[in-house]
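The values are calculated or read from the model by the stated rules, or taken from the named source; none is laboratory data. Predicted model, so just to flag it, every value in this text is computed and none were measured. Glycine gets a Cβ as well: all are built from the backbone with ideal geometry, and neighbour counts include every protein chain shown. Only protein heavy atoms, including side chains, enter the accessible area calculation; ligands, DNA and RNA are left aside. Shrake-Rupley method; radii C 1.70, N 1.55, O 1.52, S 1.80 Å.
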Amino acid sequence: MLDVGKWPVFALLPPEELRLIRQACVFGSAANEALYVTVNDEVFALGTNCSGCLGLGDLQSTIEPRRIDVLCGKKIVSLSYGTGPHVVIATADGEVFAWGHNGYSQLGNGTTNHGLIPALVSTNLINKRVTEVACGSHHTIALTSDGEVYAWGYNNSGQVGSGSTANQPTPRRVSSCLQGKVVVNIACGQLCSMAVLDNGEIYGWGYNCNGQLGLGNNGNQQTPCRIAALQGVNIVQVRIQSSRYFYKSPLPIFHSCSSLFQIQVACGYAHTLALTDEGFVYAWGANSYGQLGTGNKSNQALPILINTDKERMVEVAACHTSHTSAAKTQSGQVLMWGQCRGQAVSSPHLTHFSSADDVFACFATPAVTWHLLSVDGDDYLTVAQSLKKEFDSPEISDLKFLVDGKCIYVHKALLKIRCEHFRALLNETDEDVIEIQQFSYLVYRAFLEYLYTDNINLPPEDAVGLLDLATFYRETRLKRLCQETIKRGISEENAITLLSAAVKYEARDLEEFCFKFCVNHLTAVTQTQAFADMDHDLLKNFISKASRYGAFKN
């Protein structure tokens with residue numbers, strides 16, 4: 001996980017304090033302010049404290065961490081900050097707290113007085129559960145568990161989406177074209193706002209003089225407008241990645257959230273990045289630093305596909321305070337472009353980093369964090385880490401599986417605890433070597449590793465075999481993880497193959513996902529060899545269902 005030592009603001013913290021940090025955010029005009037959360041859910045702040053943005057109750061700067069008592073135990077699930085700066089968080093209970101600069105009512109409390117301590121934002125949100133927050137320079141938007149967006153603060157360019165340019169002193173629901181629609185992801189540029197719908201559509205509003213709304217023009221928009229140029233391109237919905245240092249929200253969130261947001265639409269200072277369901281990256285807006293990755297410095301008022309050497313992307317990153325862009329590939333490589341330590345990098349540049357966070361720590365100006373970070377300590381091994389370390393290690397194992405002529409070393413006690421199949425099997429035999437012929441080495445090793453780690457370590461194209469195993473062994477959770485992994489690897493070429501596998505293994509969620517993908521990419525999918533070789537009954541059912549969805553209408 002991320003080493004916060006890359007950010008100078010943490011340089012004076014003693015090692016024993018650094019090892020306690022589990023969440024962190026660096027912000028401010030010179031990356032000179034920070035908040036962090038410890039393993040004990042205590043929240044601390046340090047830095048210059050401009051406009052009281054540290055939430056300590058005063059305007060005093062502090063080089064040593066001071067505790068923010070009102071936030072301790074709140075379990076932060078989303079955090080964002082503005083340029084003032086002002087800071088806004090959402091908690092696991094769905095509450096919103098804000099503090100810091102408030103010259104434009106960006107704290108949502110109805111005044112323009114700076115907030116020196118975190119205060120609950122309650123107007124129009126009292127019966128709402130907020131799951132995500134995003135800040136522009138001096139405005140704030142919030143996403144609720146039922147897919148509504150609320151906005152408040154500075155509105156000179158329509159970034160609040162109210163239909164006017166009057167500042168909005170308290171949270172107001174963004175309706176207009178979003179009325180009756182379900183939003184799953186939000187992001188803010190300096191003076192604009194973006195929302196992704198559950199059907200993959202993107203809407204934007206606010207400042208647009210650099211084309212950052214992707215509408216094909218440079219006119220500001222006071223209400224949400226759909227990016228028509230992306231019609232038929234499906235933007236990845238919010239993915240929630242569990243981390244043992246983030247807390248599972250008790251809220252009934254509509255898009256099956258758990259904790260940490262992986263943003264699939266990201267806004268820079270005046271440019272926007274979007275990730276499609278096939279792993280392609282589109283960019284639009286300002287490009288004076290090459291932040292669109294097009295190989296030139298010309299602004300783009302319409303989304304343009306970025307050349308990433310055909311490798312599938314799984315994450316895009318940008319921050320409204322900078323002109324830097326980053327993306328991560330499926331194989332774990334990190335690319336960066338835009339303003340990088342004063343240089344204009346106009347095409348995606350391969351780095352040695354393992355995380356997009358490192359790009360912003362080392363090359364962005366200012367070197368702030370682009371989202372709320374999770375941070376692991378390395379001074380001890382947890383139970384989970386210890387088990388992972390002993391997997392497939394012959395030193396203390398008491399059982400080995402022989403698959404395709406290769407050995408996999410495990411522990412009988414753990415297998416009995418973790419899997420009903422092995423509990424029954426190992427209670428009936430004293431063998432210390434068991435040969436497996438039904439499954440491949442790659443698949444069976446991934447299954448055993450899952451029992452040690454709760455994660456699956458297989459590329460999407462190989463996860464179908466593991467789905468077969470999960471179905472055979474009746475491992476419900478593993479089956480669900482396989483489906484999620486397979487979804488990330490879907491493409492026009494393999495969509496029918498994956499749909500067939502989903503039907504075969506009765507993976508209903510995956511079947512529905514693959515079906516919708518096929519409908520959304522119908523022309524390309526029907527031209528593949530897999531479609532030509534499709535089972536007759538499956539083809540018949542597919543055509544019938546697609547017809548009911550209106551896929552064949554002119």
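For the stretch 451-459, just list the computed ³J(HN,Hα) in residue order, Karplus coefficients 6.51, -1.76 and 1.60, θ = phi - 60°, integers in Hz, with x standing in for Gly and Pro.
Couplings: 5, 8, 10, 6, 10, 10, 10, 9, x Hz.
Using the per-residue mean of other Cβ atoms lying within 10 Å as a proxy for protection, in what order, highest first, do the peptides 391-400, 466-475 fall?
466-475, 391-400
Take the Cα atoms of the stretch 147-207, build their convex hull, and give its volume per residue in Å³. Mind dumping the intermediate values first?
Numbers: hull volume 4.1 nm³, N = 61.
Spelled out: Cα convex hull of the stretch 147-207, divided by residues, is 67 Å³.
Let a ≥ b ≥ c be the square roots of the eigenvalues of the Cα gyration tensor of the stretch 1-88; is it rounded (a/c under 1.5), or, if not, prolate (a/b larger than b/c) or oblate?
Since a/c stays below 1.5, the shape of the stretch 1-88 is classed as rounded.
Assigning unit charges at the beta carbon (Lys, Arg +1; Asp, Glu -1) and nothing else, what dipole magnitude in debye, to the nearest 20, does the chain show about its Cα centre? Provide the component values of the computation, followed by the final result.
Numbers: 43 positive and 53 negative charges, 329 e Å.
Using only the charged Cβ atoms, the result is roughly 1580 debye.
Scattering from the C-alpha atoms of the stretch 416-476 alone, worked out with Debye: what is log10 I(q)/I(0) at q = 0.15, 0.17, 0.26, 0.28 1/Å?
The Cα Debye sum returns log10 ratios of -0.47, -0.60, -1.30, -1.41.
With all protein chains present, how much of the accessible area of the chain (probe radius 1.4 Å) comes from carbon and sulfur, to the nearest whole percent?
48 percent
How large is log10 of I(q)/I(0) for the stretch 303-350 at q = 0.31 Å⁻¹ when the intensity is taken from the Debye formula with one equal scatterer per alpha-carbon?
Here log10 of I(q) over I(0) equals -1.27.
For a test of the definition: using alpha carbon positions, the gyration tensor, and the 1.5 limit on a/c, classify the chain as rounded, prolate or oblate.
Oblate, because a/c is 1.5 or more while a/b does not exceed b/c.
Tell me the mean residue ellipticity at 222 nm calculated for the chain from its helices only (DSSP H runs of n ≥ 4, each -39500 (n - 2.57), averaged over every residue, nearest 500).
That comes out to -6000 deg cm²/dmol.
For the stretch 9-28 and the stretch 318-342, what is the centre-to-centre distance using only Cα atoms, to the nearest Å?
When both Cα centres are located, 23 Å separates them.
Name the long-range amide H neighbours of residue 182: under 5 Å, sequence gap of 5 or more, or other chain; modelled H, no Pro or chain starts.
Amide H to amide H, under 5 Å and 5 or more residues apart or across chains, residue 182 pairs with 198.
With a ≥ b ≥ c the root eigenvalues of the C-alpha gyration tensor of the stretch 253-374, is it rounded (a/c under 1.5), prolate (a/b larger than b/c) or oblate?
Rounded is the answer for the stretch 253-374, as its axis ratio a/c remains below 1.5.
Along the principal axes of its C-alpha atoms, what lengths does the stretch 478-554 span, in descending order and rounded to whole Å?
Each principal axis gives a Cα extent; for the stretch 478-554 these are 40, 22, 21 Å.
Whole angstrom only: what separates the Cα centroid of the stretch 179-236 from the Cα centroid of the stretch 457-522?
30 Å
Starting at the first residue of the stretch 415-421, write each ³J(HN,Hα) from the Karplus equation 6.51 cos²θ - 1.76 cosθ + 1.60 with θ = phi - 60°, in whole Hz, x for Gly and Pro.
5, 5, 5, 8, 9, 4, 4
Hey, what do the phi angles of the stretch 293-306 turn into as Karplus ³J(HN,Hα) couplings, whole Hz, using 6.51/-1.76/1.60 and θ = phi - 60°, x for Gly and Pro?
Those phi angles translate into x, 8, x, 9, 10, 8, 4, 10, 8, 10, x, 10, 6, 8 Hz.
With each label point set 7 Å from Cα along the Cα-Cβ vector, what nm distance links residue 512 and residue 417?
3.5 nm
What is the helix-to-structure angle for 495-504, meaning the angle in degrees between its Cα long axis and the longest Cα principal axis of the chain, kept from 0 to 90 and rounded to the nearest 10?
60 degrees
What order do you get for 432-439, 452-459, 264-271 when each peptide is scored by the mean count of other beta carbon atoms within 10 Å, highest first?
The densest-packed peptide leads the list: 264-271, 452-459, 432-439.
In this model, which of 504/540; 181/545; 74/128; 6/328; 388/412 are farther than 21 Å apart at the alpha-carbon?
Among 504/540; 181/545; 74/128; 6/328; 388/412, the Cα-Cα distance tops 21 Å for 181/545.
Skip the ligands, DNA and RNA, and give the accessible area per residue of the chain with a 1.4 Å probe, whole Å².
Roughly 42 Å² per residue, with all protein chains present.
Taking only the alpha carbons of the stretch 2-42, what extent do you get along each of the three principal axes, in Å, biggest first?
Sorted from largest, the Cα extents of the stretch 2-42 read 29, 18, 16 Å.
Once the Cα atoms of helix 508-520 and of the chain are each reduced to a long axis, what angle between those two axes, in degrees from 0 to 90 to the nearest 10, is obtained?
Here the helix axis deviates by roughly 60 degrees.
Set the Förster distance to 35 Å, then compute FRET efficiency between residue 217 and residue 523 from the Cβ-Cβ distance, nearest 0.05. Spell out each step's value before the answer.
Values: r = 29 Å, r/R0 = 0.82.
Computed FRET efficiency for residue 217 and residue 523 comes out at 0.75.
Can you tell me the order of 295-308, 411-424 when each peptide is scored by its average per-residue count of other Cβ atoms within 10 angstrom, highest first?
Values: 295-308: 16.9, 411-424: 15.3.
The densest-packed peptide leads the list: 295-308, 411-424.
Please list the non-local residues whose amide H lies under 5 Å from the amide H of residue 77, H modeled 1.01 Å from N, same-chain partners needing a gap of 5 or more.
90, 91, 92
Taking the Cβ-Cβ separation of residue 539 and residue 392 as r and a Förster radius of 35 Å, what is the calculated FRET efficiency to the nearest 0.05?
On the way: r = 42 Å, r/R0 = 1.20.
Once rounded, the FRET efficiency stands at 0.25.
Relative to the compact-globule scaling 2.2 N^0.38 Å, provide the ratio for the alpha-carbon radius of gyration of the stretch 83-214. Provide the component values of the computation, followed by the final result.
Details: Rg = 13.4 Å, N = 132, 2.2 N^0.38 = 14.1 Å.
Dividing the Cα Rg of the stretch 83-214 by 2.2 N^0.38 Å gives 0.95.
Against the longest principal axis of the chain, how steep is helix 476-488, in degrees 0 to 90 to the nearest 10, with axes from Cα atoms?
60 degrees
I'm a student and want to see the number: the projected area of the Cα convex hull of the stretch 262-315, averaged over all directions, in nm². Walk me through the intermediate numbers first.
Values: hull surface 14.4 nm².
The Cα convex hull of the stretch 262-315, projected and averaged over all directions, gives 3.6 nm².
Mind listing the long-range amide H neighbours of residue 295? Cut-off is under 5 Å, sequence gap 5 or more, other chains count too, H placed in the peptide plane at 1.01 Å from N.
Here the answer is 347, since their amide H atoms fall under 5 Å of that of residue 295.
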